[in-house]
Amino acid sequence: MAQRQRPVPDKQAPAVAFGQLPTDLGSPSLWFDPPVVDQDRRHQLTRERVVAQALTIIAHDGVQALTMRRLAAHLGVVPGALYRHLRNKQQLHDLLLDNVLAEVDLHLDPSLAWTDQLTLLAHRLRQVLDAHPGVAGILKTRDPLGPHSLTLAEAFLAPLQAAGFGDHQAGLAFFLLVDYTIGFAVGATPTSANEQRLRDPATRAQLHQFLGSLPPDRFPTLVALGHHVWVDNRDQRFTAGLQVLVSGLEHARNAPSDQHPC
């Protein structure tokens with residue numbers, strides 16, 4: 001009887017070590033692990049394609065519409081196929097957040113004052129989040145540690161450290177700026193009743209007429225100032241608030257150590 005020939009083992013590229021970024025950064029990550037190698041190439045499913053489709057669903061139908069089952073249906077695969085590339089929905093959120101944050105332009109002119117650098121970064125972050133409605137809401141609940149997320153944090157922290165903030169102060173200042181920017185972007189949903197009320201001229205005029213008709217003995221300030229408050233000036237409000245924050249940080253940096261609020 002002829003000896004049965006043993007199959008030649010498949011030669012595959014060495015797997016990326018668990019917990020390592022698939023980059024040359026050489027630093028471990030708490031959430032990033034390589035997807036399971038999928039030998040079934042019929043659907044050509046990749047992690048990049050999964051993340052791109054998730055962002056498409058959010059853009060069209062909102063964050064609440066993003067489920068693993070619906071994502072799989074859009075990709076033309078069974079839900080179980082997604083778990084060859086993702087551990088769970090939380091990792092999907094972290095991956096799509098890192099994908100979006102990669103769009104933030106972090107190039108800064110080193111000759112700019114630290115206040116101008118931080119202001120510019122905050123505007124750029126808000127611009128990217130506004131371009132991806134719903135993503136800011138996820139970012140508010142997650143603290144992604146992907147390569148682009150970490151690079152963004154580095155970009156915000158570097159001017160604070162260079163300006164002479166203490167370690168603890170710099171940490172507080174970082175979250176003050178980032179939380180303000182993300183929180184502002186969360187309220188930018190174009191479909192929200194408040195946004196539509198302010199953006200639509202006819203609806204806004206009705207609102208101003210209503211405020212002007214309030215009993216002046218009960219609401220004298222609203223009657224006088226209401227039409228200055230409920231206006232379509234979102235960009236101006238963000239800039240004004242950011243300026244107040246940065247000015248406050250500059251004051252705190254120059255204050256004696258015994259007068260620091262923390």
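Every number here is computed from the coordinates shown, using simple stated rules; none is lab data. These numbers come from a predicted model, not from an experiment. Neighbour counts run over all protein chains shown; Cβ positions are idealised from the backbone, glycine included.
Treat every Asp and Glu Cβ in the stretch 70-174 as -1 and every Lys and Arg Cβ as +1, leave all other atoms uncharged, and give the resulting dipole magnitude about the Cα centre to the nearest 20 debye. Numbers along the way, then the final one.
On the way: 8 positive and 10 negative charges, 135 e Å.
In debye, rounded to 20, the stretch 70-174 gives about 640.
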Work out the FRET efficiency for E250 and A131 from their Cβ-Cβ distance, taking R0 = 30 Å, and round it to the nearest 0.05.
-> 0.50
Karplus ³J(HN,Hα) for the stretch 193-198 (6.51 cos²θ - 1.76 cosθ + 1.60, θ = phi - 60°; Hz, whole; x = Gly/Pro) runs 4, 5, 5, 5, 5, 7
Using θ = phi - 60° and the Karplus relation 6.51 cos²θ - 1.76 cosθ + 1.60, list the HN-Hα couplings for the stretch 164-169 in order, rounded to whole Hz, with x at every Gly or Pro.
-> x, 5, x, 4, 5, 4
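What's the exposure ranking of R69, R142, going from fewest to most Cβ atoms within 10 Å? Don't jump to the answer; show the numbers that get you there.
On the way: R69 9, R142 15.
In order of increasing Cβ crowding within 10 Å: R69, R142.
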Whole-Hz Karplus couplings 3J(HN,Hα) for the stretch 105-113, θ = phi - 60° and coefficients 6.51, -1.76, 1.60, Gly and Pro as x, run 6, 9, 6, 10, 6, x, 7, 5, 5
